[in-house]
Amino acid sequence: MLRENLHDIQKRVRLACQRSGRNPDEVTLIAVSKTKPVSMIQEIISEQVFDFGENKPQELRDKYELLPKDLRWHMIGHLQRNKVKYIIDKACLIHSVDSVRLAETINQEAEKHGIVMPVLVEVNIAKEPSKFGLMPEETLDFIREVSHFTHIKVNGLMTIAPFVENPEDNRFYFQNLKKLYVDIKEKNIDNVNMCILSMGMTGDFEVAIEEGATMVRVGTGIFGERNYQI
């Protein structure tokens, strides 16, 4: 069942790229494995998928230790500063930077490990009170400020769009994030490489791809419904 789910999602990614005149190689499918056991991840790995997303730092750390070291782990959930140490040398990309204090902590932990950590800035593009992320109008100034840190590198933007029944309802938000992304890219800020646009999940990833997403985060569509009791 997992393989069938994965192949269906991959086909839908290809078709969305085709509709929008894009090369499927431009879009990275991140399999969101939060709450899912290692055995299910191994099944997806056997299908040559190597990008996995986790919401909780401890879960990312624990799965990292149990699985092949050539996997690319994406920290996609809200990250508390005291948890950065768990994933700083294990995540390939942190998608959810939304405060200067968090950026400072990531920078400090990365310096300890002698690395430069690629990060995305989380934008609350729909300005939902319940969501983390910067307001769109704050984002450029924030990026200018954190661009001075020597051990992080801003590589783009991420958003979590509203939960909607009709994915078309989110097209406007994806268009707005793409516009913000392009505007910031055109500023050519030192130590900022705007090359990643992480937007779109199981319910709306096709619309996100049509509007320029370079990474989509799909969990339920691949792994099925999650058990939050574990």
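Only the coordinates and a few stated rules stand behind these numbers; no lab work does. Only a predicted model underlies this, so the values are computations on that prediction, with no experimental measurement involved. Note that we place each Cβ from the backbone using ideal geometry, even for glycine, and neighbour counts take in every protein chain shown.
The table below gives the values:
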{"item": "Protection proxy ranking of 87-99, 190-202 - average other beta-carbon atoms within 10 Å, highest first", "result": "87-99, 190-202"}
{"item": "Nearest-0.05 FRET efficiency for Asp169 and Ser147, computed from C-beta distance (R0 35 Å)", "result": "0.55"}
{"item": "Neighbour-limited loop hits for chymotrypsin sites (Phe, Trp or Tyr not before Pro), the stretch 67-166 (at most 11 other Cβ within 10 Å; DSSP other than H, G, I, E, B)", "result": "Phe163"}
{"item": "For Asp89, net neighbour charge (Lys/Arg +1, Asp/Glu -1) across residues whose Cβ lies under 10 Å away", "result": "+3"}
{"item": "The stretch 21-153: projected area of the alpha-carbon convex hull, averaged over directions, in nm²", "result": "9.6 nm²"}
{"item": "Calculated [θ] (222 nm, deg cm²/dmol) that DSSP helices of n ≥ 4 give over the chain, each run adding -39,500 (n - 2.57)", "result": "-11500 deg cm²/dmol"}
{"item": "Stretch gain in nm, segment Asn23-Glu4, where the contour uses 0.36 nm per residue and the Cα spacing is subtracted", "result": "4.6 nm"}
{"item": "Low-density loop cleavage sites - trypsin sites (Lys or Arg not before Pro) in the stretch 121-179, where at most 14 other Cβ are within 10 Å (DSSP)", "result": "Lys127"}
{"item": "Proximal charge balance of Ile160 [Cβ under 10 Å; K/R count +1, D/E count -1]", "result": "0"}
{"item": "Electrostatic dipole magnitude of the stretch 2-223 [Cβ: Lys, Arg +1; Asp, Glu -1; Cα centre; debye, to 20]", "result": "340 debye"}
{"item": "Sequence-separation-based contact order of the stretch 2-223, relative, with Cα cut under 8 Å and 6+ spacing, percent", "result": "21 percent"}
